[in-house]
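Here's the structure we're looking at; comments come further down.
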Amino acid sequence: MRKAYRSTTALAGVDVRVEPGELVGLLGPNGAGKSTLVKIAAGLVRPSAGSVSVLGAPAGSAAARAGLGYLAELFRFPGWCSADEVIALHQSLARSTGGAAERAALLERVGLAEARDRRVETMSKGMQQRLGLAQSLVGSPGLLILDEPTSALDPAGRRTVRALLESVREEGVAVLLSSHLLSEVELVCDRVVIVSEGRVVTAGRPADLARPGGVEIETAAGLRRFPGALREDAPGLVAGLVAEGERVYGVRVVTATLEETYLEAVEGRRA
C-alpha cells in the first residue's frame, strides 16, 4: 500500500496484517506514516496504490465500516451531551440495536457507569478518553483501531485500558494500536510493527525483538558484568564466582528494551 500527497510520500509500500484475537502495536516517529495508515484503514483516506481490506471488505465500504471500531487521536464530543447520549448517538450512527443495555455495559467496561448522566464538558480529559474507548466498542466491532488511546490517562487509567484491550482480544477482536508509549505497547501487544519514513523497518513479537545484553551478577565486591554472556551461561558464571569465594546476592539477564530496539531501527533507517 502506498500513499502520496502531491510530491510528499506518506507511505512508500506498507503491508500490515492484524489477525482475529491479535493485538498489534504500531510504532514510529512523527511523520512516519502511522496516522495515514490508520486513516486509510478507517476509510477516511484512500491509498494512492494497493488495497486495504477490513474483515474481508474494502476499507471505507459499508461492510467494512459496520465491522470497525475507531478512536481517533484528536476526537471531540459535544460538550452538552451526557455520556449516555454520546453512546446513544454512536449507536445510531453504527446502526447498533444494543439499546440501553449495551450503553450501560460499555460505560461499566470503561469505569464510567456512575457518570452516565454527566455532561462531557464537565469531564476530565481522562474520562473523555475512556468515553471515546466506549464509543469505539459500539456494535461489537471485529476490528478495533485505536490512535493514542492512553495519551490522556494516568497510570490507573492506563491499567484499565490494558485490561480492556486484553478482554476484547480474548473475545477474538483484532486490535491495531498506534501509540508513542512504548512501555504500554510492550506490556499488552502480541506483535509490534515499527514504521519510519513510510516503510516498515522491523516487526515481530516484543520478546523476539529484544536482543541479549549479557548477564549482571551482584556480589559482595560489587556488580560484575559479563556483556557477551547468555541466559544459559548464568548458572556457570555464578558457580565460578562462588568457587572463587565470592558471595552472590543477585543475577540479572540483560536484554534490550523495546525502546532501544525502536531507536535502533528508526535511527538506522534515517542513517
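The values are calculated or read from the model by the stated rules, or taken from the named source; none is laboratory data. Please read all numbers here as calculations on a predicted model, not as lab measurements. Cβ: placed from backbone, ideal geometry, glycine included. Neighbour counts: every protein chain shown.
Exactly one residue out of G245, G213, G198 is out of contact with any Ser or Thr (no Cβ under 8 Å at 6 or more places or on another chain) and not hydrophobic (A, V, I, L, M, F, W, C), and it is G245. Taking first residues from region 85-100 that are assigned by TED's automatic domain parsing to the domain that holds A42 and without any contact (Cβ under 8 Å) to a residue 40 or more places away in the chain and partners that are part of a helix (DSSP H, G or I) and of a type outside the set (V, I, T), the Cβ contacts under 7 Å between residues at least 6 apart in sequence or on separate chains come to A88/R103. Does region 173-212 hold any residues that are part of a helix (DSSP H, G or I) and under 17 Å from A256 (Cβ atoms), and which are they? Residues satisfying the conditions are L182, S183, V185, E186, L187, P206, A207, D208, L209.
Of the numbered criteria (1) modelled with pLDDT under 90; (2) surrounded by 18 or more Cβ atoms within 10 Å (Cβ to Cβ); (3) over 23 Å from the mean Cα position of the chain (by Cα), the one R103 fails is (1). Out of everything in region 37-53 that is part of a helix (DSSP H, G or I) and free of Cβ contacts under 8 Å to residues at least 60 places away in the same chain, what residue ends up being surrounded by the most Cβ atoms within 10 Å (Cβ to Cβ)? Of everything passing the filter in region 37-53, I40 is surrounded by the most Cβ atoms within 10 Å (Cβ to Cβ). For region 97-149, the candidate set comprises residues that are in contact with a Phe, Trp or Tyr (Cβ under 9 Å, 6 or more places away or on another chain) and β-branched (V, I, T); within that set, the residue that is farthest from C81 (Cα to Cα) is I145.
Being within 30 Å of the chain's Cα centre (by Cα) and not assigned by TED's automatic domain parsing to the domain that holds S7 is not true of R225.
The residues of region 163-190 that are of a type in the set (G, A, S) and under 23 Å from I40 (Cβ atoms), listed by number, are A174, S178, S179. In region 166-187, the residues that are outside the structural domain of G21 (by TED's automatic domain parsing) form no Cβ pair under 8 Å with any partner that is part of a strand (DSSP E or B) and of a type in the set (K, R), whether six or more places apart or across chains.
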